[in-house]
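The values are calculated or read from the model by the stated rules, or taken from the named source; none is laboratory data. Not measured: the values here are computed from a predicted model. Glycine gets a Cβ as well: all are built from the backbone with ideal geometry, and neighbour counts include every protein chain shown. Protein only, heavy atoms only, side chains kept; ligands, DNA and RNA dropped before computing areas. Shrake-Rupley method; radii C 1.70, N 1.55, O 1.52, S 1.80 Å.
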Amino acid sequence: MIYTVTFNPSLDYVLQLEELQMGRVNRAEKEQLTVGGKGLNVSLVLGNLGVDSVAMGFVGGFVGDEIARQLQNTGCRTDFIRLARGVSRINVKLHTGQETEINGAGPDIEPVALQALQHKLDRLQTGDVLVLAGSIPRSLPDDIYQTVMARLQQRGVDFVVDATGRLLGETLRYRPFLIKPNHHELAEIAGRPLDDDRQRIAFVRQLQKQGARNVLVSMAGDGALLCAEDGAVYKLPAPQGKVVNSVGAGDSMVAGFLAGWQCSGDCRQAFCWGVAAGSASAFSPGLATRSQVEALRGGLRAERL
């Protein structure tokens, strides 16, 4: 089973308007209310691709009720910790020809709630996959990813980490099955520009020596790289299409990779699934559907470098 953890899920209020005029009343042309959070996006796209998962995390108040309701309406399995106090956050996404985000802070997570989540995670066993994705709420310790991974390390659980900077770097000792930095995040971790594939691959090799098993690097219009655990390196160009909404594209890439891996056990095929899913989400107002992913995947052929 695949489990995803989103420590700070949200409702995303997406507003589309021609122009944002500060200090004046603005009226939206279109609006949409959807669940948000990197782990939740992974679960939703996995469901669209026919792969079962369980979405975990913390929800509170009427916003938390709506998050759970929307997920259950899609058929997504959930196992949330309901907070005794506080309300899950609402994020505002403004589309005005460019994307502007205003993200809420979210509720405080008390130690008893964190302990309840850890007890749920103790059920995981060999062959299960745990996806840890996104930022850490201010009320949780900065090392919560490491704490969770250390607790499960001896159980044979495969970890997938989609995080940035020091948060990602400090998880490598636990040998995550997959990490997915984009090229900007990779350069941030390196502390220097990585301007071409050769430099990126060389730095990824360092991350693999530190413990990362498979490293998927998204590079926007330049496509993506996969440095696989067996030493192979693959590259795919970006599929052709118009970017409509970049929110959730990286999460969709993770979901696509996991779906492809579960279906084939082959990193090269999983890579194609991942790039197709990420691009399908970028090319549509919502998260990728199976038909959209399959339409793109059919034209992808990963080159071995």
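Tabulated data for the structure shown
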quantity: Dimensionless Rg ratio for the stretch 37-94, taking C-alpha atoms and the 2.2 N^0.38 Å reference; calculated: 1.13
quantity: Cross-link partners of LYS180 among aspartates and glutamates (Cα-Cα below 15 Å; sequence separation of 8 or more within a chain); calculated: ASP158, ASP162, GLU170, GLU188, GLU229, ASP251
quantity: Per-residue [θ]222 nm for the chain (sum of -39500 (n - 2.57) over DSSP H runs n ≥ 4, rounded to 500); calculated: -11000 deg cm²/dmol
quantity: Whole-number Å³ per residue for the convex hull built on Cα positions in the stretch 212-261; calculated: 87 Å³
quantity: Among beta bridges that DSSP assigns inside the chain, antiparallel share in %, nearest 5; calculated: 40 percent
quantity: Cβ-defined net charge surrounding LEU172, 12 Å radius [Lys, Arg +1; Asp, Glu -1]; calculated: +4
quantity: For the stretch 12-137, convex hull volume per residue from C-alpha positions, Å³; calculated: 133 Å³
quantity: Heavy atoms of ASP222 accessible to a 1.4 Å probe, total area in Å² rounded to 10; calculated: 90 Å²
quantity: Neighbour net charge for GLY260 - beta-carbon separation under 13 angstrom, K R +1, D E -1; calculated: +1
quantity: Positive minus negative residues near THR4 (Lys, Arg vs Asp, Glu; Cβ under 15 Å); calculated: -1
quantity: Modelled label reach - LYS242, point 7 Å along Cα→Cβ, the stretch 268-292 residues with backbone N closer than 15 Å; calculated: 282-286
quantity: Percent breakdown of C-alpha pair distances by 5 Å bin, ordered from the shortest bin, for the stretch 95-238; calculated: 2, 9, 17, 19, 18, 14, 12, 7, 3, 0
quantity: Accessible area (Å², per residue) of the stretch 199-305, counting only protein heavy atoms and a probe of 1.4 Å; calculated: 41 Å²
quantity: D_trans [Stokes-Einstein, Kirkwood Rh over alpha-carbon pairs] for the chain, 10 °C, 1.306 mPa s, µm² s⁻¹; calculated: 81 µm²/s
quantity: DSSP beta bridge pairing in the stretch 48-148, given as percent antiparallel to the nearest 5; calculated: 40 percent
quantity: Where Rh is the Kirkwood radius over Cα pairs, Rg/Rh for the stretch 219-305; calculated: 0.94
quantity: Estimated FRET transfer efficiency when R0 is 22 angstrom, pair ASP230-ALA202 (beta carbons, to 0.05); calculated: 0.80
quantity: Along the chain, longest interval not containing exposed trypsin sites (Lys or Arg not before Pro), exposed being DSSP loop plus at most 12 other Cβ atoms within 10 Å; calculated: 139-241
